[in-house]
């Protein structure tokens, strides 16, 4: 496989794993578990899996300077914070609208990357954003949602989730010396677990409920697909690709979330949603193809 395609593909796989989480959480809720319990199980089990992987594979502790430690810590805190504020957005808003708000991270992440690197967005990136925003609106079915009398807190939490995830991508795009990929993932998952357990449902750990019920199985699944796989792949690929393109490619989460809910939860799929998914996919593929053509010339 072309080296230039490997790292974008890893981002697509990592963001796709995020896409199946909402369906798993809905299944857990159908088994009478609260959202806060499920999210706490995800981050706690995710850290345990990362720690076990670290013990098995690593032979020495990381050697980090203060700046490197700060980057990893903030990446982990932003990961956990995104899960918390997005959960609040879902609480106050219809799910389709909450998804639309979260996916504002695509343009927020691109413009953050431009500010940080003192550059202007390219025509390719702006063209791609048009496809992504249009596709997101169509794919989520937001046109059929009544926007009247919605709680203002939902809008705030939704935008906060987008900003938090965009910042996570930017921090994770920074190379860090003195630590392996697995070591970085373990530290990030630890700080993510800290913030989630502080503000969600830590009592399920102390009471033993997490290990005495089906919640453990949901935690294992969510921990792998929501912590281990995406953070590992993002840690490898985002520093190679850059925060701007990574924000665009991470939009894979949306079509995967919709398709998974249709297959598993038997939700309906409209023609507009199909068109929206195609728009999102086009918005992701275009910058890769156009940049490849430009490099070839």
Output the residues belonging to region 30-48 that are assigned to a helix (DSSP H, G or I) and more than 14 Å from the chain's Cα centre (by Cα).
30, 35, 36, 37, 38, 40, 41, 44, 45, 46, 47, 48
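Residue by residue through region 171-180, note down the ones that are surrounded by 19 or more Cβ atoms within 10 Å (Cβ to Cβ) and part of a loop (DSSP other than H, G, I, E, B).
Passing the criteria: 173, 176, 179.
Against the definition (at pLDDT below 85, surrounded by 17 or more Cβ atoms within 10 Å (Cβ to Cβ) and part of a helix (DSSP H, G or I)), how does residue 258 come out, yes or no?
Yes: the conditions hold for residue 258.
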From (1) within 18 Å of the chain's Cα centre (by Cα); (2) modelled with pLDDT under 80; (3) closer than 27 Å to residue 39 by Cα, pick out the condition that doesn't hold for residue 267.
(1)
I'd like to know if region 2-19 contains one or more residues that are without any contact (Cβ under 8 Å) to a residue 24 or more places away in the chain and under 24 Å from residue 220 (Cα atoms).
no
Restricting the search to region 200-213, which residues are part of a helix (DSSP H, G or I), in contact (Cβ under 8 Å) with a residue 12 or more places away in the chain and surrounded by fewer than 18 Cβ atoms within 10 Å (Cβ to Cβ)?
205, 209
Criterion: in contact with a helix residue (DSSP H, G or I) (Cβ under 6 Å, 6 or more places away or on another chain), more than 21 Å from residue 183 (Cβ to Cβ) and either touching a residue at least 12 places away in the same chain (Cβ under 8 Å) or buried (at least 18 other Cβ atoms within 10 Å of the Cβ) (or both) - qualifying residue of 100, 71
100
Looking at residue 163, is it in contact with a helix residue (DSSP H, G or I) (Cβ under 8 Å, 6 or more places away or on another chain) and in a helix (DSSP H, G or I)?
yes
Over region 103-126, the set of residues in a helix (DSSP H, G or I) and in contact with a helix residue (DSSP H, G or I) (Cβ under 8 Å, 6 or more places away or on another chain) is 105, 106, 107, 108, 109, 110, 112, 113, 114, 116, 124, 125
Of the conditions (1) in a helix (DSSP H, G or I); (2) more than 19 Å from residue 218 (Cα to Cα); (3) touching a helix residue (DSSP H, G or I) at 6+ places or on another chain (Cβ under 9 Å), the single one that residue 62 does not satisfy is (1)
Which condition does residue 216 not pass, out of (1) assigned to a helix (DSSP H, G or I); (2) buried (at least 19 other Cβ atoms within 10 Å of the Cβ), if it passes all the others?
(2)
Go through region 85-97 and report how many residues are under 18 Å from residue 251 (Cβ atoms) and modelled with pLDDT under 75.
3
I'd like to check something: does region 222-237 contain any residue that is closer than 24 Å to residue 180 by Cα and outside any helix (DSSP H, G or I)?
no
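One line per residue, one yes/no per condition, for (1) touching a helix residue (DSSP H, G or I) at 6+ places or on another chain (Cβ under 6 Å); (2) surrounded by fewer than 23 Cβ atoms within 10 Å (Cβ to Cβ):
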{"residue": "79", "(1), (2)": "yes, no"}
{"residue": "152", "(1), (2)": "no, yes"}
{"residue": "169", "(1), (2)": "yes, no"}
{"residue": "182", "(1), (2)": "yes, yes"}
Part of a helix (DSSP H, G or I), surrounded by 24 or more Cβ atoms within 10 Å (Cβ to Cβ) and over 14 Å from the mean Cα position of the chain (by Cα): does that describe residue 27?
no
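The values are calculated or read from the model by the stated rules, or taken from the named source; none is laboratory data. Remember, predicted model here, so these are calculated numbers, not experimental data. Reconstructed Cβ throughout: ideal geometry from the backbone, glycine too, with neighbour counts over all protein chains shown.
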